[in-house]
Amino acid sequence: MPNSERIFIKGNEAIARGAIAAGLKCYFGYPITPQNDIPEFMSAALPAIGGEFVQAESEVAASNMLIGAAATGTRCMTSSSSPGISLKQEAISYLAGSQLPAVVVNMTRGGPGLGDIGPSQGDYFQSVKGGGHGDYRMLVIAPSTCQEAYDTAIKAFDLAYKYRNPVMILGDAILGQMKEPVTTWTPDHIDDHNSDNWCLTGADGRDSHILRSLFLGEGELAAHNIMLEKKYKSMEAEIDQEMFECEDAELIVVAYGSIGRIVKSTIRNLRKKGYKVGLFRPITLYPFPSEAMKKLALAGKKFLTIEHNLGQMVEDVRLSIRTITDSDFFGFYPGNLPTPDDFEDPILKSMGGK
Amino acid sequence: MTALQEKLVFDKSDCIADRVTHYCPGCQHGVAHRLAGELLDEMGLSQKTLLVTSIGCSVFLYNYLNLDSVEAPHGRAPAVATGVKRSCPDKFVLSYQGDGDLASIGMAEIMHCANRGEKVSIIFVNNTVYGMTGGQMAPTTLEGQKTTTSPAGRNPLKEGMPIKMSEIIATLGGTAYCARVALNNIKNIRQAKKALKKAFEVQVNGLGFGFVEILSTCPTNWRMTPVQANERIENEMIPYFPLGVYKDITAGEEV
Ligand SMILES: Cc1ncc(C[n+]2csc(CCOP(=O)(O)OP(=O)(O)O)c2C)c(N)n1
Ligand code: SF4
């Protein structure tokens with residue numbers, strides 16, 4: 001594999017390095033804990049390869065700079081954490097409406113409001129259901145290890161171009177601040193999916209390219225939305241999930257991101273004690289892996305959803321299996337860092353064994 | 001057969017689309033577009049221009065200039081222009097904003113874009129009202145001016161004084177050129193074109209941020225005829241918003 005090395009880095013840096021391996025040329029950001037490692041890394045790494053780093057005056061400005069760079073077909077990214085992502089929602093809606101490819105990283109912290117700087121999964125609704133205005137969808141991918149964070153950053157750019165849509169990498173303070181060995185790699189080929197057909201290069205001898213989200217003519221917006229709806233549907237080809245010990249499991253625990261990984265350890269411990277329990281970890285949160293989950297429900301499995309919030313993804317789990325069964329829910333409160341032991345009791349309770 | 005005797009002495013330049021604009025009679029947005037389009041052609045820039053359009057009556061600018069364009073959210077054009085220029089430093093980046101867009105919701109973006117010295121050109125059309133949304137008070141609305149949200153006239157004790165953007169932009173380190181012009185008569189229109197040319201040149205020469213504030217009419221929301229609107233520019237706007245060059249680093253001249 002070209003440029004492969006084994007390095008010990010934080011999840012934040014893994015995303016930053018993965019993005020550069022994917023051909024990132026412009027990064028726009030604004031400081032907020034726990035993702036500052038990303039702009040700090042970019043401020044040195046991008047100029048060194050002839051790219052551009054701008055510390056914007058706000059998250060609003062950073063995400064609008066993203067619109068500008070994305071419009072020129074340049075691989076670009078912004079990153080932030082919860083309150084900052086709220087501010088970026090304006091531009092995310094415009095990126096989706098104007099069909100512009102860009103990567104937005106959200107390393108979430110506790111909320112609502114200023115909350116704290118500890119880990120939380122309180123941004124699930126905002127990320128997956130669209131925190132910005134209007135009917136739009138965004139591919140949301142939630143890695144759970146530093147290696148996956150690196151790989152996801154590379155994949156996110158490809159998907160952003162393939163669908164001409166913003167893609168969000170949803171991590172949290174645990175993933176961002178955790179250090180692990182990562183094997184780096186660089187894709188041999190970068191596919192911009194014919195961005196020349198739409199991006200701004202200067203209307204030199206051809207009709208102008210106009211990137212807009214305003215459609216005032218009679219029926220124009222409806223046509224635009226019909227086209228977008230088809231595109232969002234086609235994103236189902238990207239659905240991805242991890243299934244661990246699901247085969248003979250009586251209870252399937254559904255958990256994503258860092259919590260999914262911690263739950264995996266709990267499941268290993270419980271398996272040693274003879275409990276038939278498995279993990280279903282959605283990797284794409286939008287589109288949600290409903291079909292795979294439904295198959296497990298049809299096979300008679302019980303479900304427990306564990307999240308680091310008051311219950312958000314559980315709504316999508318319930319929607320997926322609603323015609324067959326239901327899911328229990330256990331919410332670990334934001335502001336604390338869970339260990340595998342914290343999930344044993346709720347899992348056993350849900351299995352009816354305690 | 002009689003040969004056509006007339007000689008064509010004046011035509012629209014290539015960059016300007018053959019399309020009827022949506023502007024109200026007597027509105028000067030169209031004049032400002034025309035000046036920009038003519039200059040881009042004259043300076044040989046149109047093929048490499050990337051246009052950032054903003055929110056307000058000028059939102060359809062991309063329909064009137066045959067250029068590659070991207071639409072920015074309300075007020076954010078300077079940030080979008082920053083992204084365009086940083087990703088394509090070899091292109092010519094032009095943005096166009098109204099006073100509500102630039103001096104209200106987009107105040108932070110314009111200040112920082114200028115302060116960073118982004119090599120972009122911004123045309124700022126000041127008509128002292130929010131045109132598109134129906135004539136509400138803008139940051140530039142004159143003292144005592146009646147609008148739909150200042151029905152008793154702008155009261156500086158409650159609403160502050162009208163903001164003078166050119167004076168502010170001229171103080172920022174990254175600004176290479178900053179001028180205020182008006183479109184109320186031929187002489188001023190000529191002057192406006194000269195100022196725009198200078199602003200474009202500082203970008204072409206990589207010197208920094210170029211800004212031209214254009215005092216412009218909104219007869220509809222001013223509830224005036226086009227002629228009265230032109231007179232208002234002369235009698236009410238220019239005395240408060242003096243015309244002139246506020247900064248020009250190429251001339252070492254500051255007014
Ligand atoms: C976030 C947001 N807020 C408000 C609006 C509504 N809006 C559209 S145009 C406009 C005012 C534009 O006024 P100005 O910039 O002075 O331009 P003009 O119409 O006078 O040319 C407003 C407030 C919007 N589109 N987006
Ligand atoms: S409302 Fe005012 S600014 Fe808008 S087109 Fe009409 S005259 Fe021009």
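The values are calculated or read from the model by the stated rules, or taken from the named source; none is laboratory data. Just so you know, these numbers come straight off a predicted model, no measurement behind them. Cβ coordinates were reconstructed from backbone atoms using ideal geometry, including for glycine residues, and neighbour counts include every protein chain displayed. SASA here: full protein model, heavy atoms, side chains in, ligands and nucleic acids out. Shrake-Rupley method; radii C 1.70, N 1.55, O 1.52, S 1.80 Å.
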Failed condition for B:N63, given (1) in contact with a Lys or Arg (Cβ under 9 Å, 6 or more places away or on another chain); (2) more than 7 Å from chain A (Cβ to nearest Cβ); (3) crowded, with 24+ Cβ neighbours inside 10 Å: (3)
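Only one of A:G29, A:G110 is under 22 Å from A:D172 (Cβ atoms), touching a residue at least 12 places away in the same chain (Cβ under 8 Å) and in contact with a helix residue (DSSP H, G or I) (Cβ under 7 Å, 6 or more places away or on another chain); which?
Testing whether each residue is under 22 Å from A:D172 (Cβ atoms), touching a residue at least 12 places away in the same chain (Cβ under 8 Å) and in contact with a helix residue (DSSP H, G or I) (Cβ under 7 Å, 6 or more places away or on another chain) leaves just A:G29.
Do we have any residue at all in the stretch B:186-199 that's among the polar types (S, T, N, Q) and closer than 25 Å to B:V120 by Cβ?
yes
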Given (1) open to solvent by 10 Å² or more (accessible area, probe 1.4 Å); (2) within 14 Å of chain A (Cβ to nearest Cβ), index of the condition B:G106 fails: (1)
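Among the residues that make up the stretch B:152-172, is at least one of them within 14 Å of chain A (Cβ to nearest Cβ) and either away from ligand 2 (no atom under 16 Å from the Cβ) or on the phi > 0 side of the Ramachandran plot (or both)?
Yes, the conditions are met somewhere in the stretch B:152-172.
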The stretch A:120-131, residues that are part of a loop (DSSP other than H, G, I, E, B) and open to solvent by 20 Å² or more (accessible area, probe 1.4 Å): A:G122, A:K129, A:G130, A:G131
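Residue-by-condition table, conditions (1) assigned to a loop (DSSP other than H, G, I, E, B); (2) hydrophobic (A, V, I, L, M, F, W, C); (3) surrounded by fewer than 16 Cβ atoms within 10 Å (Cβ to Cβ):
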position: B:R190; (1), (2), (3): no, no, yes
position: B:K198; (1), (2), (3): no, no, no
position: B:E201; (1), (2), (3): no, no, no
position: B:V227; (1), (2), (3): no, yes, yes
position: B:I233; (1), (2), (3): no, yes, no
Any hit, the stretch B:200-215, residues being more than 16 Å from ligand 2 (Cβ to nearest atom), over 20 Å from B:R116 (Cβ atoms) and out of contact with any His (no Cβ under 7 Å at 6 or more places or on another chain): no
Residue, most open to solvent (accessible area, probe 1.4 Å), within the stretch A:71-90, restricted to residues that are within 19 Å of B:A77 (Cβ to Cβ) and touching a residue at least 40 places away in the same chain (Cβ under 8 Å): A:E90
Residue within the stretch A:266-273 that is surrounded by 15 or more Cβ atoms within 10 Å (Cβ to Cβ) and within 21 Å of the chain's Cα centre (by Cα) present: no
Close pairs from the stretch A:313-331: first of a type outside the set (A, V, I, L, M), partner part of a loop (DSSP other than H, G, I, E, B) and open to solvent by less than 10 Å² (accessible area, probe 1.4 Å), Cβ under 7 Å, at least 6 apart: A:G331/A:N309
Count of residues meeting criterion [open to solvent by 30 Å² or more (accessible area, probe 1.4 Å), within 13 Å of B:N221 (Cβ to Cβ) and more than 11 Å from ligand 2 (Cβ to nearest atom)] in the stretch B:117-150: 5
Meets criteria (within 17 Å of the chain's Cα centre (by Cα), open to solvent by 10 Å² or more (accessible area, probe 1.4 Å) and more than 16 Å from ligand 1 (Cβ to nearest atom)) for B:I55: no
Of all residues making up the stretch B:1-41, the number that are open to solvent by 80 Å² or more (accessible area, probe 1.4 Å) and over 19 Å from the mean Cα position of the chain (by Cα): 14
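The rows are residues; the columns are (1) within 22 Å of B:V202 (Cβ to Cβ); (2) at pLDDT 95 or above; (3) within 16 Å of ligand 2 (Cβ to nearest atom); (4) among the hydrophobic types (A, V, I, L, M, F, W, C).
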{"site": "B:P73", "(1), (2), (3), (4)": "no, yes, no, no"}
{"site": "B:A77", "(1), (2), (3), (4)": "yes, yes, no, yes"}
{"site": "B:A81", "(1), (2), (3), (4)": "yes, yes, no, yes"}
{"site": "B:V84", "(1), (2), (3), (4)": "yes, yes, no, yes"}
{"site": "B:S87", "(1), (2), (3), (4)": "yes, yes, no, no"}
{"site": "B:K91", "(1), (2), (3), (4)": "yes, yes, no, no"}
{"site": "B:S95", "(1), (2), (3), (4)": "yes, yes, no, no"}
{"site": "B:G100", "(1), (2), (3), (4)": "no, yes, yes, no"}
{"site": "B:A103", "(1), (2), (3), (4)": "yes, yes, yes, yes"}
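Residues checked against (1) out of contact with any Pro (no Cβ under 9 Å at 6 or more places or on another chain); (2) more than 16 Å from ligand 1 (Cβ to nearest atom); (3) farther than 22 Å from B:E38 by Cβ:
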position: B:T141; (1), (2), (3): no, no, yes
position: B:A182; (1), (2), (3): yes, no, no
position: B:F200; (1), (2), (3): yes, yes, no
position: B:G210; (1), (2), (3): yes, yes, no
position: B:M224; (1), (2), (3): yes, no, yes
All positions within the stretch A:147-162 that are in contact with a Phe, Trp or Tyr (Cβ under 9 Å, 6 or more places away or on another chain) and either open to solvent by less than 20 Å² (accessible area, probe 1.4 Å) or basic (K, R) (or both): A:Y150, A:I154
Residue check for B:Q47: without any contact (Cβ under 8 Å) to a residue 24 or more places away in the chain, open to solvent by 60 Å² or more (accessible area, probe 1.4 Å) and within 12 Å of chain A (Cβ to nearest Cβ): yes
